[in-house]
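Asks: Quick one: this structure, given as structure tokens, is what I'll be asking you about.
The values are calculated or read from the model by the stated rules, or taken from the named source; none is laboratory data. All figures in this text were calculated on a predicted structure; none of them were measured in a lab. Note: ideal-geometry Cβ built from the backbone for every residue, glycine included; neighbour counts use all protein chains shown.
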There are 2 protein chains.
Amino acid sequence: MKLIDGKAVAAQIKLEIAEEVKQILASGGKRPHLAAILVGHDGGSETYVASKVKTCEEVGFQSTLIRYEEDVTEDELLGKVCELNENPGIDGFIVQLPLPKHISEQKVIETIDYRKDVDGFHPVNVGRMSIGLPCFVSATPAGILELLKRYDIETSGKHCVVLGRSNIVGKPVANLLMQKAYPGDCTVTVCHSRTKDIKKYCLEADIIIAALGSPEFLKGDMVREGAVVIDVGTTRVSSTETKSGFKLKGDVKFDEVAPKCSYITPVPGGVGPMTIISLMRNTLLAGKKGIYGYL
Amino acid sequence: MKLIDGKAVAAQIKLEIAEEVKQILASGGKRPHLAAILVGHDGGSETYVASKVKTCEEVGFQSTLIRYEEDVTEDELLGKVCELNENPGIDGFIVQLPLPKHISEQKVIETIDYRKDVDGFHPVNVGRMSIGLPCFVSATPAGILELLKRYDIETSGKHCVVLGRSNIVGKPVANLLMQKAYPGDCTVTVCHSRTKDIKKYCLEADIIIAALGSPEFLKGDMVREGAVVIDVGTTRVSSTETKSGFKLKGDVKFDEVAPKCSYITPVPGGVGPMTIISLMRNTLLAGKKGIYGYL
């Protein structure tokens, strides 16, 4: 069994991005600039955004954090999105989700210029990904593919079972892994809450991507010898073992599943660290106008 | 075994659309108007476009056919697309594919205003479909879902195996059938040229959508008792039996497979007739501004 060390891979990519930024600046180019809009003071969102801003600094990006209180109107927020769309100094930006209930997340996402949509949530990016065209791929699916690639895991002709059909993980990762590409060329099965006998599908899988958000769902008797298991779950469960009073639990019962796997990601330290780094890669691409050309 | 009669369903929907057009006109509304651009004189394209124009007449739509010779420049074609985008009299339009090699099909598709993209090929429509938002769904996948619906075929929790991963059938139909919806809520497996042991997957399927474009690929020993089989294949093979000198062959070896099925579509007369009718439904929706509101 080989542990997929997402933390180490993310650290390596961070160095690679920092190096590329240096080269861009050395040749007279512009420092990539990511903006983030944060509404309210949700604990999780605060942590994520702080971490994104910090990583920007580490790789040499400029970053701008724009904060609104919980009671910001939808119009005001959309106005800021349009302003960022127009601002030539900003290469890419994100609006941290979730948003307060009185604001339509979908409307906000669709108002973002898809050429600056480094989260990859805009329908143009989702659609282009499905068609197999260059686009901003959302962070978690991109991170998963990067891990498969960095560990040189064979995917062509493999049976990949995706557990979960969310718009941010299950559906896009399934779409990516069925493309004519590497990583890709998998036979892909998408399972979800309505699937009957999910165990049967898991036992047939060469690769399992667990993205149900159901702690320790995947047990040892659901995985066959030699499988590759990617655990996308990150559910906070209360714990007396940690200072914070909670612990992150994956979708995989690690102690049972790991011994059977050829490769497995831990939680934390697997897919998680890749998510922010994928956002950084998208920002670098946006800065280089690497997908949609000059705006 | 029950034969799914796509011709009869299409005829029924044609009546429903015609009735709705009458009501729109009676209440002072505007007649839906579809435009089609046809480049060159490809036999297949000529037939398809003629059939679309004829069906428009039958349901009471206005239609406009715009023809170009094979040597039209990309710029000229894109100029016409922009003109149709701006023309408030045109509710929806299509550019018949394939296009000559010197013209980028993708560029043409992306130039179409997605709000008039009744073929559903624009990335915005593809992306919104994947996310589960209202959009123009492309004709063949929409036609397949409509057949499942009209025959009241249970899909929730069923294992649907999609053979083929094309952008116009395999991928979108897989996306649709995994959505939280009816028809939908299937466990979906997408198989393709790289799949090992495709027979194994087919034998486990409750529903098979065959869209490989490989005549008579699906044999009797690949299907289990009671399966639902949807045949999307339409390959022209030469034949001495017909006046035209060719015959349409599906992806299913019908005589072997049909006796085992609970439901099966024939070729011709199955999915085929639903394709044009789905385009008409999209045009009706476009005319009513039923998805994206007033332009």
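Asks: Tally up the residues in the range A:168-182 that are in contact with a Gly (Cβ under 8 Å, 6 or more places away or on another chain) and more than 9 Å from chain B (Cβ to nearest Cβ), please.
Replies: Selection size over the range A:168-182: 3.
Asks: Just to verify a result, which residue in the range A:183-214, among those that are more than 8 Å from chain B (Cβ to nearest Cβ) and charged (D, E, K, R), is surrounded by the most Cβ atoms within 10 Å (Cβ to Cβ)?
Replies: Once the filter is applied, the top-ranked residue is A:206.
Asks: Answer yes if at least one residue in the range B:125-139 is more than 9 Å from every other protein chain (Cβ to nearest Cβ), within 18 Å of the chain's Cα centre (by Cα), assigned to a helix (DSSP H, G or I) and crowded, with 24+ Cβ neighbours inside 10 Å, and no otherwise.
Replies: yes
Asks: Exactly one of these conditions fails for residue A:164: (1) over 29 Å from residue B:185 (Cα atoms); (2) touching a Leu at 6+ places or on another chain (Cβ under 8 Å); (3) assigned by TED's automatic domain parsing to the domain that holds residue A:189. Give me its number.
Replies: Every listed condition holds for residue A:164 apart from (1).
Asks: Can you name the helices (runs of 4 or more DSSP H) wholly within the range A:1-119 that have at least 3 residues being surrounded by 14 or more Cβ atoms within 10 Å (Cβ to Cβ) and in contact (Cβ under 8 Å) with a residue 40 or more places away in the chain?
Replies: Where helices (runs of 4 or more DSSP H) fall fully within the range A:1-119 and carry at least 3 residues being surrounded by 14 or more Cβ atoms within 10 Å (Cβ to Cβ) and in contact (Cβ under 8 Å) with a residue 40 or more places away in the chain, they are A:6-26, A:43-59, A:74-86.
Asks: Among the residues of the range B:241-262, is there at least one that is of a type in the set (S, T, N, Q) and under 30 Å from residue A:170 (Cβ atoms)?
Replies: In the first step, residues of the range B:241-262 are kept if they are of a type in the set (S, T, N, Q); the result is B:242, B:244, B:262.
Filter again for under 30 Å from residue A:170 (Cβ atoms), leaving B:262.
Within the range B:241-262 (the criterion being of a type in the set (S, T, N, Q) and under 30 Å from residue A:170 (Cβ atoms)), the answer is yes, since at least one residue qualifies.
Asks: Separate question: Within the range B:219-248, restricting attention to residues that are modelled with pLDDT under 95 and of a type in the set (D, E, K, R), which residue is surrounded by the most Cβ atoms within 10 Å (Cβ to Cβ)?
Replies: The qualifying residue surrounded by the most Cβ atoms within 10 Å (Cβ to Cβ) is B:247.
Asks: With (1) without any contact (Cβ under 8 Å) to a residue 60 or more places away in the chain; (2) surrounded by fewer than 21 Cβ atoms within 10 Å (Cβ to Cβ) as the list, and residue B:151 as the residue in question, which single condition is left unmet?
Replies: Of the numbered conditions (1) without any contact (Cβ under 8 Å) to a residue 60 or more places away in the chain; (2) surrounded by fewer than 21 Cβ atoms within 10 Å (Cβ to Cβ), the odd one out for residue B:151 is (1).
Asks: Restricting attention to the range A:150-160, which residues are under 18 Å from residue A:227 (Cβ atoms) and more than 9 Å from every other protein chain (Cβ to nearest Cβ)?
Replies: A:151, A:152, A:153, A:154, A:155, A:160, listed by residue number.
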